[in-house]
Structure formats: structure tokens, C-alpha cells
1. Can you name every residue in the stretch 208-223 that is open to solvent by 20 Å² or more (accessible area, probe 1.4 Å) and either closer than 14 Å to Ala147 by Cβ or in contact with a strand residue (DSSP E or B) (Cβ under 9 Å, 6 or more places away or on another chain) (or both)?
2. Restricting to the stretch 374-413, count the residues that are modelled with pLDDT of 90 or more and under 30 Å from Pro577 (Cα atoms).
3. Strands (runs of 3 or more DSSP E) wholly in the stretch 109-192 with at least 1 residues that are buried (at least 19 other Cβ atoms within 10 Å of the Cβ) - which ones?
4. Can you say whether Gly580 is in contact (Cβ under 8 Å) with a residue 12 or more places away in the chain and open to solvent by 30 Å² or more (accessible area, probe 1.4 Å), as far as the supplied structure shows?
5. Kindly indicate the residue of the stretch 193-205 that is crowded, with 18+ Cβ neighbours inside 10 Å and hydrophobic (A, V, I, L, M, F, W, C) and also modelled with the lowest pLDDT among those meeting that condition.
6. Within the stretch 590-641, can you find the residues that are closer than 25 Å to Ala345 by Cβ, in contact (Cβ under 8 Å) with a residue 24 or more places away in the chain and among the polar types (S, T, N, Q)?
7. Considering only the stretch 525-643, give the strands (runs of 3 or more DSSP E) lying wholly within it that have at least 3 residues that are under 24 Å from Ala155 (Cβ atoms) and either touching a helix residue (DSSP H, G or I) at 6+ places or on another chain (Cβ under 9 Å) or not hydrophobic (A, V, I, L, M, F, W, C) (or both).
8. Regarding Ser243, is this residue in contact with a helix residue (DSSP H, G or I) (Cβ under 8 Å, 6 or more places away or on another chain) and touching a residue at least 60 places away in the same chain (Cβ under 8 Å)?
Amino acid sequence: MQKIERGRKIADGYGQSPRSILQPWRISGLGLALLLIIGLLMGMGAATLRRTPLTSAAGRPVPPPLSLYQSRPVTETLSALYLPAVLGSTDQLTLTSTLTPTVTATATATVPAEPPREWDPRLDQRGTELIPAEVEPGEGYWRLVKAVWFNEVEAQGRHHIFVDVLDADGERIVGLPVRIYWAASETPLITQAKPGEPYAADFGMFDVAPSYGAKPNDGNSADDVWGMGLGSIAQPFHTIHTSYGLTWQWTIAGGPEQTATPTATPTATPTATATPTQTATPTETSTPTVTPTLPDGVTVTPTATASTTPTGTATATATATATATSTPSIDWDPRLTQRGASLQAAVVGPGEGYWKLVRARWYNEEESGNRQHILVDALDENGARVAGIPVRIYWDGGQASITTEAKPGEEYAANYSLAFPAPFYNAAPSGGSPADAVLGMGLGSLENPGGFIRASYGLTWRWTVVPAATATPTVTATPTATQEGSETATPTATPTATPTATTTATAKPTVTSTATPTSTAVDFLFNRAELMSCAPNAGVTYVEGTLRLSGQPANGYRVAFSYEADGPVVADITSGPHAGGYEGWNPGHYSHVLDSERPREGDWWFWVMDGGGQRISALGFVHTDGTAGDGQCQQAVIDFDSQ
């Protein structure tokens with residue numbers, strides 16, 4: 001018997017993986033004949049006898065390449081050296097068998113493309129820089145998708161960093177903290193729902209760029225924006241009111257696209273399942289609210305009584321009773337006084353409407369819930385929230401404006417972020433009507449009043465009309481006849497009625513009226529009011545100036561203004577440096593803001609009052625324009641002096 005050699009593994013000539021193939025069998029002619037007969041009887045479709053030319057140059061069988069993705073016949077050629085003579089020396093016997101490899105493909109999850117980033121090129125001019133988050137492909141992070149700079153005109157008097165945070169579908173996320181930081185400290189912003197608004201939270205800036213940075217701060221990686229602050233492109237180191245708008249979106253970091261690499265395996269076909277997992281669930285921290293119980297304020301119902309008993313022949317008595325509607329009392333947190341805050345009451349007259357402070361709260365660090373804001377609300381006469389009321393936040397050398405919003409279900413209608421210890425900030429509604437103001441707010445605690453400790457204030461104003469007294473005089477006169485030539489007294493009831501007694505006599509009396517004196521011209525203390533200048537300003541409308549007596553600055557006088565000469569006082573301010581955030585004013589200086597957000601057209605009269613509200617100066621007048629530009633007036637200077 002000849003030795004049978006088979007099962008030897010060889011590599012094909014194309015660099016593919018080794019395969020087990022059949023090698024030529026060295027057998028006799030009789031054995032081959034028997035093999036062929038058995039194969040025909042068993043119907044072996046896998047083995048086929050055919051005649052084909054010899055293709056191996058080396059004298060041994062070499063299989064053709066085997067595709068990785070298809071099953072092809074593997075042909076093995078038997079050399080003429082081993083064939084029986086009965087077939088002929090020039091013939092060849094070919095044995096063909098079919099192998100079916102099993103292909104295993106490893107699937108790779110496709111990571112969605114990261115959202116595009118919109119970057120205002122003016123940010124580069126302002127020195128702002130983006131610090132990208134360091135993340136691996138497939139890792140979730142907060143990607144900055146939009147960054148905008150607002151110049152002085154676009155900012156409309158505001159000086160804020162506005163932020164928004166979106167989920168993977170582009171929907172706003174409420175309750176996510178955003179860290180605002182600077183060299184000395186930092187503060188968190190918490191995103192709010194604010195339906196219809198382009199941003200979810202804001203922070204007021206006070207220093208020029210580069211001073212501030214911002215990034216989401218929920219523990220996940222985030223793009224960082226640094227180098228923000230006040231100033232313009234032309235004047236980068238001036239405290240010009242400009243703003244920034246930043247928007248982040250939750251994103252899965254992308255990487256190079258993965259391609260499946262199948263491996264031919266003769267025994268197993270595993271199935272790969274890729275399940276990417278994303279976990280990012282920001283949690284909103286509740287903010288506790290503490291409402292201390294305070295005694296109610298005092299409600300006063302004035303009663304005026306006038307009684308006149310003339311000397312003469314007639315006796316008359318007049319009594320007037322005024323009926324007044326009660327006004328809401330003030331719920332004032334006594335800790336506000338401990339913190340140095342104070343109430344500056346509006347100067348209003350009977351029948352005049354104004355914004356009355358009805359509730360004021362101070363929240364310590366724990367009660368603030370990591371916030372540091374002035375929270376405000378404005379109510380109508382019925383106690384319902386009023387949206388769209390501007391509230392002026394002001395301090396020595398600057399100011400900002402916030403506007404009340406509907407915010408259903410929330411305790412306050414707007415907020416402003418604090419950055420400095422008390423006493424620094426003041427607040428009052430600024431829609432053109434008189435309003436109570438709260439002075440001396442800021443960061444700090446009762447134990448550490450000058451420290452950068454988080455604290456907040458809650459202020460609520462309500463539209464209130466000062467009651468007007470209605471006098472109903474009752475006059476009783478008893479005339480007595482007098483001799484001719486004698487004088488009859490004419491009694492006068494105060495405050496409104498002027499009853500006159502009628503005389504009836506048997507003798508012919510003569511009634512003589514008393515003369516009415518004529519007042520002389522008032523000699524004003526400040527007898528000169530002069531409009532010194534007026535310049536355009538697209539972001540704010542205001543009037544300022546200096547009070548002088550004989551050329552020297554005069555402090556401590558109240559400067560008022562109205563929309564008509566000697567009309568209802570819209571607001572008044574004390575001249576010169578004084579408590580409440582005005583300690584840095586120049587001697588004799590005063591300032592009134594007519595609109596903190598835009599040019600405002602109107603006619604305005606200004607004057608100086610004494611402690612009783614009487615005018616002690618000539619009237620100053622200015623007309624402001626509703627649009628800014630060359631030759632327009634939004635920032636006026638009116639000085640008062642005596643000569």
C-alpha cells in the first residue's frame with residue numbers, strides 16, 4: 001500500500017489565512033477506480049471529476065484566493081505523475097470541493113455628529129476665549145453651541161452675562177447651575193423656565209474685560225468661556241455697558257468613525273450588540289423660603305376739623321370731616337434694618353398713584369439656597385402680578401434695569417444678581433411713577449456684614465393711590481343787627497368751605513368786606529436754573545447736575561422733577577454724598593434717570609425743594625428725544641445756583 005498524505009495545512013499565494021485542504025492521494029489505478037464507483041453510488045455532489053490544464057508552476061497544487069464575503073469552490077489539481085496510465089499521460093484529474101467560511105462582524109455604534117458652534121467673531125476682538133472641554137469619544141459634556149457679544153446699543157443699557165442650557169433635543173433645562181467666576185470669587189446662576197425669553201438666567205457685570213468666566217457646573221465636563229466684562233471694541237478698558245449671550249447643549253463627544261472588521265471563523269458566528277448609554281440628569285435643588293411673622297403696619301384714617309368763631313355781629317361754626325381709603329401696610333423684615341437696609345418713601349400727594357413697598361424680606365445664606373439676588377415683584381391694586389414693569393437697580397456710578405415677567409407659580413417676577421457687600425445696591429420701580437425705594441442692599445451676613453457671603457432680598461411693590469380727603473362743612477350762623485357803619489365779620493371754614501353770614505337788621509346796616517392780601521413774589525434760594533448741555537445716548541436717558549450757593553457746592557437739598565411745571569413729583573433725590581449707595585457722589589451732585597434702557601422722549605421740569613416739599617428754586621427745563629444720534633438729547637446737565 002502506498003502511503004496516503006493528506007490534511008497538510010499550507011498557505012495560499014495571496015497572503016490569506018491558512019486553510020485545511022485536501023492534498024493529492026497517491027493510489028493505484030484499481031484503488032482509484034473503486035473510489036470513483038463508490039462516489040457515484042453515494043451521489044457525492046461535493047466531489048467532481050473533470051479534466052483541466054495544470055496551472056501550478058511549482059509542480060504542486062496551489063488553490064486560488066478565497067473571498068472573505070463569498071463562498072467559492074476550492075479546486076485542487078492532481079499532477080499527471082500520480083495518475084494511472086489508463087487515463088493518458090497528458091490528462092489530469094481534478095478534485096473540486098466547496099468550503100463555506102463563517103464571517104463574524106464586530107458592530108460599532110455610530111456617534112451622532114456634534115452640533116455646530118456659532119461664535120460671534122467680535123468676541124475675539126473683545127479678548128474672549130473658548131476653553132474646550134477635555135472629553136473622550138462617546139462621553140457626554142456641555143458643548144457651547146452659541147456665543148454672542150452685544151455692544152452698547154444692542155445691550156440696551158444692560159451689562160450682563162446671559163446664559164441658556166439645552167438638552168440633547170435642544171429643549172431648555174431648568175434648575176441647572178452655571179458657574180460665574182472672577183479673580184476674587186464666584187457665584188452660581190440657576191437656569192429658569194422663562195418661557196418666550198432667549199436666555200434662562202443672567203449675571204450683572206461690573207468690571208471691564210477680561211474679568212469673568214462662565215461654564216455649566218453640574219459635575220459634567222463643559223466648555224468654558226473666559227475673558228468677559230464691560231467695555232467696547234473701541235474703548236476696551238472703559239465701563240461701557242455691554243453684554244454676552246452664551247448657550248450650551250448636552251452633547252455626546254464624537255470620534256473617528258468605526259468600521260466593522262469581519263474575521264473568517266470556521267466554527268462560530270457571534271452577534272455583536274452595541275448599546276451606548278448616556279446618563280445626564282441635572283437635578284434642581286429646591287430653594288427654601290422663610291417668611292418671618294411681623295407686626296402689621298399702621299393704617300391711618302385722617303379726620304380734619306375746622307372751627308371758626310368770628311368776632312362781630314355774626315357767629316358761624318363749620319365742621320369738615322375727611323374720609324380716606326386705607327392703604328396697604330408694609331411687611332418689613334426686621335433683619336433688613338440689622339443689615340443696614342432702609343426704606344426711602346415716595347413723595348406723593350392726595351389722590352396720586354405710586355408704587356408702594358408692601359413687603360420686604362432678607363434671606364440669609366441658608367435661606368437663599370446658594371442664590372445672591374434681589375428678587376422683585378409688582379402687583380396691581382387688586383394684588384395681581386403686573387408684567388412688564390421696569391425696576392431700576394442702581395448704585396454709586398452705575399445702574400441696571402430688570403423687568404417683571406408673568407412667571408406663573410413663582411414667588412417673584414424678576415431678579416438681579418448681587419456681586420458686592422452691603423450697603424451697595426438700591427432698588428425701585430422706574431416706569432415714570434413715584435415709587436418707594438429700598439436702599440443699602442448687598443452681600444454679607446449679620447455676623448459678617450462686609451463679607452462676600454451669599455444673601456438675597458425679596459421686594460414686593462403694589463400700585464396704590466393716596467386717599468384724597470373730602471370735606472363736608474356744616475355752617476350755623478346767628479346774625480345780630482348792628483349800628484350803621486359797623487363791620488360784619490366774615491368767617492372762613494378750613495380746609496375748603498368759606499361760609500358767609502348774612503345779616504338781617506331793623507336799622508339799615510352797612511356790611512363791609514375784609515380785604516384779601518396779595519402775596520409778594522417769592523425770593524428763591526436757588527434763583528438760577530440753567531441747562532448746561534445735553535448729549536445723545538442710545539442706552540439710557542437721564543438728567544444730572546450740581547447745586548451751588550454763591551458758587552459753592554450745596555449738599556443735602558432735595559432735587560425733584562415732573563412732567564409738568566410744579567406738577568406731581570415723579571421722584572426726588574438728595575444732593576451731594578449721602579447714605580444708601582451715594583457716598584461717592586461729588587459735593588452738590590444729583591442725578592435722575594428717566595429711562596434706564598432706551599432713549600425717552602418728553603418734557604421735564606426740575607426744581608429744588610425744602611424739607612416740607614416747597615419749591616425753593618427756579619424751574620429748570622429740558623426736552624429729551626426718543627431717538628439717539630447727532631443733535632439729540634438723552635443725557636442732560638441742569639445746574640442750580642444763587643446770584
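1. As a first pass, look at the stretch 208-223 and keep what is open to solvent by 20 Å² or more (accessible area, probe 1.4 Å): 208, 210-211, 215, 217-221.
Once the filter is applied, which keeps residues that are open to solvent by 20 Å² or more (accessible area, probe 1.4 Å) and either closer than 14 Å to Ala147 by Cβ or in contact with a strand residue (DSSP E or B) (Cβ under 9 Å, 6 or more places away or on another chain) (or both), the stretch 208-223 yields Val208, Pro210, Ser211, Lys215, Asn217, Asp218, Asn220, Ser221.
2. So the answer is 13.
3. Values: elements: 129-131, 140-150, 160-166, 177-181, 186-190.
Passing ranges, in order: 140-150, 160-166, 177-181, 186-190.
4. Values: in contact (Cβ under 8 Å) with a residue 12 or more places away in the chain: yes; open to solvent by 30 Å² or more (accessible area, probe 1.4 Å): no.
In short, no.
5. Out of the qualifying residues, it is Met205.
6. Ser591, Ser596, Ser617
7. On the way: elements: 528-535, 541-546, 558-562, 571-574, 589-595, 602-609, 620-624, 635-641.
In the stretch 525-643, 541-546, 589-595 are the strands (runs of 3 or more DSSP E) which contain 3 or more residues that are under 24 Å from Ala155 (Cβ atoms) and either touching a helix residue (DSSP H, G or I) at 6+ places or on another chain (Cβ under 9 Å) or not hydrophobic (A, V, I, L, M, F, W, C) (or both).
8. Numbers: in contact with a helix residue (DSSP H, G or I) (Cβ under 8 Å, 6 or more places away or on another chain): yes; touching a residue at least 60 places away in the same chain (Cβ under 8 Å): yes.
Yes.
The values are calculated or read from the model by the stated rules, or taken from the named source; none is laboratory data. Predicted model, so just to flag it, every value in this text is computed and none were measured. Every residue, glycine among them, receives a Cβ derived from its backbone with ideal geometry; neighbour counts consider all protein chains shown. With ligands, DNA and RNA removed, areas are computed over all heavy atoms of the protein, side chains included. Shrake-Rupley method; radii C 1.70, N 1.55, O 1.52, S 1.80 Å.
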